[in-house]
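Enquirer: Here's a structure for you.
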Amino acid sequence: MIFAAAETDGPQILDIAARAGVFNQEEVDCVADLWNDYLTTGPQVGGYNFIVDRDGDKVLGFACYGPRDLTSGVYDLYWIAVDPDTRRSGAGRRLLAASEEEVQKAGARMLIAETSGTSSYDGTRKFYLDTGYVQEATIKDFYVDGDDLAIFVKRFPQPEKS
């Protein structure tokens, strides 16, 4: 089941980020920083929304999303990660669908997911394509030489103006 993340989910969220197998220490530390911001300022002020897919007390995965600064109706999917022990359980798809639903309720025109172009992220890029995202851009050697930035976008239908 998908829930807004509670403070008690923090240790499991950080553990999932650390064990995901693709994030370096700086990225794991970034998740911790965003989590701290979520707890101290809240999503309304800080802009970071954390949700979890939880089975009882066990967090199967988490997602973090929020509005993109200086835009109208554009949201970023900052993080989505699933416990390596529960991959292929549908948790990633449930988290992505719930994130999309929440940003649409908030008036999103689009949700952007950025990821690495390295081979260790092949599954991630396929995941976005399989869930209706379009790879709109690639910036070569963005992170470091040989590690491109792949930008995926999902656009949402907008109500017609009368």
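The values are calculated or read from the model by the stated rules, or taken from the named source; none is laboratory data. None of the values given here were measured: they were computed from a predicted structure. Using ideal geometry, Cβ is built from the backbone for each residue, glycine included, and neighbour counts are taken over all protein chains shown. Ligands, DNA and RNA are stripped out before the accessible areas are found, and what is left, the full protein with its side chains, is counted by its heavy atoms. Shrake-Rupley method; radii C 1.70, N 1.55, O 1.52, S 1.80 Å.
Enquirer: Look at the range 1-27 and say how many of its residues are free of Cβ contacts under 8 Å to residues at least 40 places away in the same chain, over 17 Å from Val59 (Cα atoms) and surrounded by 14 or more Cβ atoms within 10 Å (Cβ to Cβ).
Expert: Of the residues in that region, 1 qualify.
Enquirer: Name the single residue that is nearest to Ala17 (Cα to Cα) among those in the range 84-94 being of a type outside the set (S, T, N, Q) and open to solvent by 10 Å² or more (accessible area, probe 1.4 Å).
Expert: Top of the filtered list is Pro84.
Enquirer: Hey, does the range 129-138 have a residue that's surrounded by 18 or more Cβ atoms within 10 Å (Cβ to Cβ) and within 20 Å of Val22 (Cα to Cα)?
Expert: no
Enquirer: Could you pull out the residue among Tyr75, Tyr65 that is in contact (Cβ under 8 Å) with a residue 12 or more places away in the chain, among the hydroxyl-bearing types (Ser, Thr, Tyr) and either in contact with a Pro (Cβ under 6 Å, 6 or more places away or on another chain) or open to solvent by 70 Å² or more (accessible area, probe 1.4 Å) (or both)?
Expert: Sole residue among the options that is in contact (Cβ under 8 Å) with a residue 12 or more places away in the chain, among the hydroxyl-bearing types (Ser, Thr, Tyr) and either in contact with a Pro (Cβ under 6 Å, 6 or more places away or on another chain) or open to solvent by 70 Å² or more (accessible area, probe 1.4 Å) (or both): Tyr75.
Enquirer: Name the one entry in Ala97, Ala108 that is in a loop (DSSP other than H, G, I, E, B) and either modelled with pLDDT of 95 or more or open to solvent by less than 90 Å² (accessible area, probe 1.4 Å) (or both).
Expert: Ala108
Each row is one residue, and each column tells you yes or no for (1) part of a strand (DSSP E or B); (2) under 12 Å from Val153 (Cα atoms).
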site: Trp79; (1), (2): yes, no
site: Arg125; (1), (2): no, yes
site: Glu136; (1), (2): yes, yes
site: Ile139; (1), (2): yes, no
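Enquirer: Same structure again: Under 7 Å between Cβ atoms, at least 6 apart or on separate chains: pull out the pairs that start in the range 119-135 with a residue that is within 18 Å of Ala91 (Cβ to Cβ) and end on any residue that is in a helix (DSSP H, G or I).
Expert: Note: pairs meeting the criteria are Phe127/Gly92; Thr131/Arg93; Thr131/Leu96.
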